[in-house]
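Novice: Have a look at this one before I ask anything.
What follows draws every value from the coordinates through simple rules; no lab data is involved. This one's a predicted model, so the numbers in the text were calculated from it and none came from an experiment. Note: ideal-geometry Cβ built from the backbone for every residue, glycine included; neighbour counts use all protein chains shown.
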Protein chains: 12
Amino acid sequence: MSGIYKKVEIVGLSEISFAEAVKVAVEEAGKTVRHMSWFEVVEQRGRIHDGKVAEFQVTIRIGFKLER
Amino acid sequence: MSGIYKKVEIVGLSEISFAEAVKVAVEEAGKTVRHMSWFEVVEQRGRIHDGKVAEFQVTIRIGFKLER
Amino acid sequence: MSGIYKKVEIVGLSEISFAEAVKVAVEEAGKTVRHMSWFEVVEQRGRIHDGKVAEFQVTIRIGFKLER
Amino acid sequence: MSGIYKKVEIVGLSEISFAEAVKVAVEEAGKTVRHMSWFEVVEQRGRIHDGKVAEFQVTIRIGFKLER
Amino acid sequence: MSGIYKKVEIVGLSEISFAEAVKVAVEEAGKTVRHMSWFEVVEQRGRIHDGKVAEFQVTIRIGFKLER
Amino acid sequence: MSGIYKKVEIVGLSEISFAEAVKVAVEEAGKTVRHMSWFEVVEQRGRIHDGKVAEFQVTIRIGFKLER
Amino acid sequence: MSGIYKKVEIVGLSEISFAEAVKVAVEEAGKTVRHMSWFEVVEQRGRIHDGKVAEFQVTIRIGFKLER
Amino acid sequence: MSGIYKKVEIVGLSEISFAEAVKVAVEEAGKTVRHMSWFEVVEQRGRIHDGKVAEFQVTIRIGFKLER
Amino acid sequence: MSGIYKKVEIVGLSEISFAEAVKVAVEEAGKTVRHMSWFEVVEQRGRIHDGKVAEFQVTIRIGFKLER
Amino acid sequence: MSGIYKKVEIVGLSEISFAEAVKVAVEEAGKTVRHMSWFEVVEQRGRIHDGKVAEFQVTIRIGFKLER
Amino acid sequence: MSGIYKKVEIVGLSEISFAEAVKVAVEEAGKTVRHMSWFEVVEQRGRIHDGKVAEFQVTIRIGFKLER
Amino acid sequence: MSGIYKKVEIVGLSEISFAEAVKVAVEEAGKTVRHMSWFEVVEQRGRIHDGKVAEFQVTIRIGFKLER
């Protein structure tokens, strides 16, 4: 009930799909951020190489509870 | 040619991907809504649990023809 | 370093997922556009038929280097 | 002074103009919704056939007082 | 985990504050909608009379679980 | 080449169409504002009475050259 | 039915709440503007001093009927 | 099912109304673009001359199927 | 005059009002962030429980001077 | 602490840069507006002549304290 | 008075400033596009190298008259 | 290919231009942030003093690779 949350903006990359890129972003962020609670998709882009999609890039905002 | 359409806003959930969450939203909505014609993605979010993506949440607007 | 880029807006279709629709859009566009470098997702929609998702539609902007 | 309002999202169609499409949407909606009070234009699109505008499509939000 | 949510758009009114207008919207909506879970503020407006604020008007989207 | 422009925000009303409401706004504004040069449509709404559109309301920004 | 409205953009300040800041903006504006009819909240910000909220700042657009 | 669509951004002009300006844009574009399928209104502006609306300007995006 | 500012995104919670939720966010953030100067409201949401507003949630961006 | 602010929307022109266009807008506006305090960039456009940028046009909102 | 305009989206690059990047985009585009009339700034980004701004990137939409 | 990026939001100040304010933001941020890769302009504002632009303020989001 009390306490506050912070949001950080992270970009995840994947060669497979946007959903994979979100998972990568969350799992990598989890190595330094604790108490992660939700994410919001902010932007979806990608890199093209040799006429094919080479990389899906998703920017998400991750919300987590601030410890005191 | 005549007739009008209505849009309703539905949130679908999936543990797998955004595309799955859209399918869930459409198929569940179809149990009470008839003549569904198209959808528009409005928002993509998700829940995080134990440092991993636990749920993809997609808000879509579903357009359907109003019967008279 | 010098030179400019142009963006074109393309809609890709897929029965499977948004990621597939992006791949279709990029690969088809690549048949006439050269030096494609990146894409940005602009809109995600779809068609519903018989109460199920029949088609994922993704509008992307593709950036490519203009040749001189 | 008391009471609340609800908004529903309706798409009206017309071969003539956006204003006509709005009128169609409001009049058709009025067959099932009572106490309609105002509308807001959300989106203006249309269908093209044989190189000509075949249909104006207007999405409006209609606000109406909820009866108790 | 399974199941879907629906969002409806409601306008609440109050002579006192935006927070009161939100409470009015939620409590009135609760008379016909069950399983309400969250709200999102969409628009804040108001009516002026005799040079003073006569009414705070808040449009919220209310999310609730669809029963099956 | 020199000089600056100012924009003012005006709401025009019409029983007929959005285009008429724009004309009304511009012509009425022209009674006190000089050197009007362009307009931009900002919002399109309307009033409903007895189940019919009673009034088209268009908010426009009018740009005009400031005299010195 | 006839006549047009103008909107002006005003910033109100309050040490207490956003609702108070709106009231201040409307009441102060009313000293020079007549026939004020409605307001729309455009932006909510504030000043922080010594680690506490020192001032709520609300930008509103006030609509009023133009006299002829 | 197969194939992709492209969108181009066109500005149509009319002395009469926004609907006319859309028709002009579509019909002129049709002289060089084939397989046009739909349009989306992006912006509505206009030119003022001698205190009257001299020209309605509508920017639309036209979607058309790319031939192979 | 010199120096730069950083913005962080914080979510504050309150059972009473949006203004209280902003105060909570600022005061809690102030326990670890120094030289806070202003805030901007980004999003207003809330949790509903038993048909009543259980929690106001406000996302704000807090700007503070970076020390060197 | 007390008092309110008003915002006006001004377009400045420059052949050199956006920054110059902002300076022109502020300095010209200052000939009739007093107590100007801040500006916000709203839009950046320009005129092209003979294949070159002929004019940078910046729309800014200027905030100033209302005197009583 | 008659005729229509088309808009194309171009990204210009410069090591110096956003204004220079706009000039580059317009001048390069002018090598293949005729009758260019205006531009609108859509996005401002840049590349960072070794802790310094290495490149200003401006996306503009260029409007030009379509020849018949 | 692997790894994720983080974005932070920084405000840079300059008496000269927006481009200078971006450079200041990037160079100051580089004193504590490593592996900075790109920036995106989010907001352009400024302070006015004595009827002249006293300060250009640019908010940018800086993207940098997270080290592991």
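Novice: Would you tell me the mean number of C-beta atoms belonging to other protein chains that fall within 10 Å of each C-beta in G:7-20, as a whole number?
Specialist: Values: counts 8, 5, 8, 5, 10, 3, 5, 3, 1, 1, 9, 11, 14, 3.
Per residue, the average neighbour count from other chains is 6.
Novice: Same structure, new question: Shielding of K:48-59 by partners, i.e. mean partner chain Cβ atoms within 10 Å per residue?
Specialist: Mean shielding by partner chains, rounded to a whole number: 6.
Novice: Roughly how many Å is it from the Cα centre of segment H:20-68 to that of segment D:13-68, as a whole number?
Specialist: Centre-to-centre distance over Cα atoms comes out at 21 Å.
Novice: Taking the alpha-carbon distance from L:Lys52 and a cut-off under 16 Å, which aspartates and glutamates remain once sequence neighbours fewer than 8 residues away in the same chain are dropped?
Specialist: Correct list for L:Lys52: J:Glu20, J:Glu27, J:Glu28, J:Glu40, L:Glu15.
Novice: Report, in degrees rounded to the nearest 10, the 0 to 90 angle that the Cα long axis of helix J:18-29 makes with the longest principal axis of chain J.
Specialist: 40
Novice: Here's another thing I want to ask about it. Size of the dipole of chain C about the Cα centre, Lys and Arg at +1 and Asp and Glu at -1 on the beta carbon, nothing else charged, in debye to 20? Present the calculation step by step, with values, prior to reporting the outcome.
Specialist: Working: 11 positive and 10 negative charges, 77 e Å.
Magnitude of the dipole: close to 360 debye.
Novice: Work out the FRET efficiency for H:Ile16 and I:Ala54 from their Cβ-Cβ distance, taking R0 = 56 Å, and round it to the nearest 0.05. Write down the numbers at each step before the final one.
Specialist: Numbers: r = 54 Å, r/R0 = 0.97.
Calculated value: 0.55.
Novice: Under the Kirkwood approximation applied to all pairs of distinct alpha-carbon atoms, what is the hydrodynamic radius of segment H:5-57 in Å?
Specialist: The Cα-based Kirkwood calculation yields 12.0 Å.
Novice: Still on this structure: Based solely on its DSSP helices, what 222 nm [θ] is calculated for chain C when runs of n ≥ 4 H residues each add -39,500 (n - 2.57) and the sum is averaged over all residues, nearest 500 deg cm²/dmol?
Specialist: Here the helix-only value at 222 nm equals -5500 deg cm²/dmol.
Novice: Over all alpha-carbon pairs of the protein assembly as shown, lay out the pair-distance distribution in 10 Å bins, whole %, shortest bin first.
Specialist: 2, 12, 22, 28, 25, 10, 1
Novice: If I take every Cα pair under 8 Å that is 6 or more residues apart in chain G, average their sequence separation and divide by the length, what percent do I get for the relative contact order?
Specialist: 46
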